[in-house]
1. For the pair Ser47/Val224, report the inter-label distance in nm, with labels modelled 7 Å from Cα in the Cβ direction.
2. Taking every pair of alpha-carbon atoms in the range 2-101, what share in percent sits in each 5 Å bin, from 0 to the bin with the longest distance?
3. Among Gly67, Gly52, Gly171, whose mean-square fluctuation peaks in a Gaussian network model of the chain (Cα, cutoff 10 Å)?
4. Taking 0.36 nm per residue of sequence separation and subtracting the Cα-Cα distance, how much length would be gained by fully extending the chain between His110 and Gln186, in nm to one decimal?
5. Go ahead and estimate [θ] at 222 nm for the chain from helices alone: -39,500 (n - 2.57) per DSSP H run with n ≥ 4, summed, over the residue count, rounded to 500.
6. I'd like the GluC sites (Glu not before Pro) in the range 184-226 restricted to DSSP loop residues with at most 11 other Cβ atoms within 10 Å, sorted by number.
7. Run through the range 30-100 and list the chymotrypsin sites (Phe, Trp or Tyr not before Pro) located in a DSSP loop whose Cβ has at most 16 other Cβ atoms within 10 Å.
8. I'd like the FRET efficiency for Asn216 and Asp78, computed as 1/(1 + (r/R0)^6) with the beta carbon distance as r and R0 of 30 Å, rounded to 0.05.
Amino acid sequence: MTIDMKPDVKIDANYYKVLQIRKLTEHTFILSLPGSRFKFVAGQHISLSIQGDYQSREYSIYSAEEGQNLEILVKEVDGGYFSPKLKHLKVGDMVEVHGPFGKFGLDEKHADTHKHVFIASGTGIAPFHSIVKSRPGLDYHLIHGVKLGEEAYERNEYDAERYTLCTSRDGSGDFEGRLTAYLKTQEFGKNTSFYLCGNSDMIFDSMEILREKGFNRENINVEVYF
Ligand SMILES: Cc1cc2nc3c(=O)[nH]c(=O)nc-3n(C[C@H](O)[C@H](O)[C@H](O)COP(=O)(O)OP(=O)(O)OC[C@H]3O[C@@H](n4cnc5c(N)ncnc54)[C@H](O)[C@@H]3O)c2cc1C
């Protein structure tokens with residue numbers, strides 16, 4: 001689709017100007033784009049490319065459905081092709097956005113009857129930020145696994161009693177150790193929906209722990225990053 005600006009100037013509707021890059025840690029940042037013309041359901045992701053570059057990558061949407069800006073939370077992967085380029089974008093640079101894609105999101109059937117347990121490793125917290133900000137009053141518990149406490153990205157955005165930080169490499173979290181070790185210590189009611197997002201090792205290990213606790217695939221929603 002194209003938008004007519006003047007008879008002789010057309011810009012592709014999938015191109016967005018970078019509004020801001022907000023640094024959270026040395027290697028993690030939030031990229032903000034204008035959001036008003038982008039409709040999505042919290043939990044979905046976009047495909048992103050940089051103008052003039054042939055590669056694209058997928059990113060969960062971090063911002064709320066009604067947010068003013070369209071935001072993603074990105075970790076610069078050491079030796080990665082795309083994420084270091086994103087980190088070096090400047091305000092005003094153009095990126096190309098496709099989507100939204102995916103069905104990962106709140107289980108609407110059980111939205112009001114179930115407790116929602118969000119389990120994230122690293123930047124896998126992004127879709128849960130979008131869901132929490134889009135659904136005020138939601139009954140949720142967010143379990144966030146990171147290496148260091150500094151990776152508790154914007155933890156003050158969540159209700160303190162609903163957010164548990166698990167740190168595997170320092171003692172600054174609410175729980176010292178991997179999130180899977182924390183998960184083993186927890187008991188969950190029958191009416192619980194689980195949502196797992198992040199790296200595949202964490203997801204497979206967590207699914208196994210939940211299976212041992214009596215929950216099957218029907219109660220578990222999954223988004224694998226890598
Ligand atoms: C549906 C979906 C949603 C995603 N959402 C996000 C998101 O919200 N934020 C985000 O930062 N990434 C997200 N990713 C990962 C993202 O698409 C890229 O893979 C990532 O930015 C690395 O790209 P790269 O070109 O720099 O690395 P590449 O050169 O493609 O190297 C890929 C390697 O980087 C590692 N890697 C990939 N992603 C991560 C990560 N997040 N943290 C640590 N190591 C990683 C893996 O070992 C992988 O093998 C998502 C992936 C999918 C499939």
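Quick note: the coordinates plus some simple rules give every number you see, no bench work behind them. Computed from a predicted model, the values in this text were never measured in an experiment. Note: ideal-geometry Cβ built from the backbone for every residue, glycine included; neighbour counts use all protein chains shown.
1. 1.9
2. Histogram of Cα-Cα distances, whole percents per bin: 2, 13, 23, 27, 19, 10, 4, 2, 1.
3. So, out of Gly67, Gly52, Gly171, the one fluctuating most is Gly52.
4. Details: separation 76, 0.36 × 76 = 27.36 nm, distance 2.10 nm.
That pair, His110 and Gln186, stretches by 25.3 nm at full extension.
5. Details: 4 runs with 34 residues, N = 226.
So the calculated ellipticity at 222 nm is -4000 deg cm²/dmol.
6. Values: sites: Glu187, Glu208, Glu212, Glu218, Glu223; in loops: Glu187.
Within the range 184-226, the qualifying GluC sites (Glu not before Pro) (loop, at most 11 other Cβ atoms within 10 Å) are Glu187.
7. Numbers: sites: Phe38, Phe40, Tyr54, Tyr59, Tyr62, Tyr81, Phe82; in loops: Phe38, Phe40, Tyr54, Tyr62, Tyr81, Phe82.
Sites meeting the loop and neighbour criteria: Tyr54, Tyr81.
8. Details: r = 37 Å, r/R0 = 1.23.
Calculated transfer efficiency: 0.20.
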